[in-house]
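Undergrad: My questions will all concern the structure given below.
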Amino acid sequence: MKNQNVTLRKATISDGKMLHMWRNDEETRRQSVNMDEVPWDSHIAWLTKSLTNPNRTLLIAESLGIPVGTVRCDLDHEKVPPAELSWTVAPESRGQGFGTAMILKAVEYFGGPLRIIVKPSNQASLKLAEKAGFRKIAKTPEMTTWVRD
């Protein structure tokens, strides 16, 4: 891993513009479940709701005080395990080891067990899942499901 100096902080409404830019990045959209570009009004409504949702934690990963990505944890007690992680590495921070560092930090932050869902075509996230100690438990042509106890 090239850079392990990552900290996590809770996202705020002031992170909205940055998160919107990251979400609408072409590569981010290509690897997302919902690949549509998200309009600003929809994004800010989602962010406002996310920040007050007791079953969602939205974190900003930083290195030396500079945002390098975001990690979200959603709780759904009808699924096993109930906690699902998702993440985005900032476009300008890709390929520098931040993805693995921020997911390992998130695992430490949330504990376990955790679940992630990754597109089979998303090679970077599949490698990251393995590096972070997740194991694949299911695969469809659209998605793979991984868990970490």
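No lab work stands behind these numbers, since they all come straight from the coordinates. Here the structure is a predicted model, which is why all the values come from computation and not from measurement. Counting neighbours? That spans all protein chains shown, and the Cβs are built from the backbone with ideal geometry, glycine included.
Undergrad: Mind checking which of VAL71, THR52, LEU104 is farthest towards the positive end of the range 7-148's charge dipole, using Cβ charges of +1 (Lys, Arg) and -1 (Asp, Glu) about the Cα centre?
TA: Of VAL71, THR52, LEU104, it is LEU104.
Undergrad: Under a 5 Å amide H to amide H cut-off, with H placed in plane at 1.01 Å, what residues pair with LYS119 once short-range neighbours are removed?
TA: Sorted by chain and number, the residues that satisfy this are THR144.
Undergrad: Right, next: Rounded if a/c is under 1.5, else prolate if a/b beats b/c, else oblate: with a ≥ b ≥ c from the C-alpha gyration tensor eigenvalues square-rooted, which is the range 90-131?
TA: Oblate shape, in that a/c is at least 1.5 and b/c is the bigger or equal ratio.
Undergrad: Treat the count of other C-beta atoms within 10 Å as a stand-in for reagent exposure and order MET35, MET18 from fewest to most.
TA: Result, fewest neighbours first: MET35, MET18.
Undergrad: Please give the charge dipole size of the chain, origin at the Cα centre, charges +1 on K and R Cβ atoms and -1 on D and E Cβ atoms. Round to the nearest 20 debye.
TA: 400
Undergrad: Taking neighbour Cβ counts within 10 Å as the exposure measure, how do LYS105, LYS79 sort from fewest upward?
TA: Going from sparsest to densest Cβ surroundings: LYS79, LYS105.
Undergrad: Could you put TRP46, TRP146, TRP22 in order, starting from the residue whose Cβ has the fewest other Cβ atoms within 10 Å?
TA: TRP46, TRP22, TRP146
Undergrad: To make sure I understand the rule: partners must be lysines, Cα under 30 Å from the Cα of LYS136, and not fewer than 8 residues away in the same chain. Which ones qualify?
TA: Within the straight-line limit of under 30 Å, LYS136 reaches these lysines: LYS2, LYS10, LYS79, LYS105, LYS119, LYS127.
Undergrad: A follow-up question, please. Output the antiparallel fraction of DSSP beta bridges having both residues in the chain, as a percent to the nearest 5. Don't skip to the answer; put the middle values down first.
TA: Values: 28 of 30 bridges.
Antiparallel bridges: around 95 percent, rounded to the nearest 5.
Undergrad: Continuing with this model, one more query. Which FRET efficiency value, to the nearest 0.05, do you get for GLU142 and GLU27 by plugging their Cβ-Cβ distance into 1/(1 + (r/R0)^6) with R0 = 22 Å? The partial results should precede the final answer.
TA: Details: r = 18 Å, r/R0 = 0.83.
Using R0 = 22 Å, I get an efficiency of 0.75.
Undergrad: OK, next. Seen from all sides and averaged, what is the projected area of the convex hull of the Cα atoms in the chain, in nm²? Intermediate values should be presented prior to the final figure.
TA: Details: hull surface 33.6 nm².
The Cα convex hull of the chain, projected and averaged over all directions, gives 8.4 nm².
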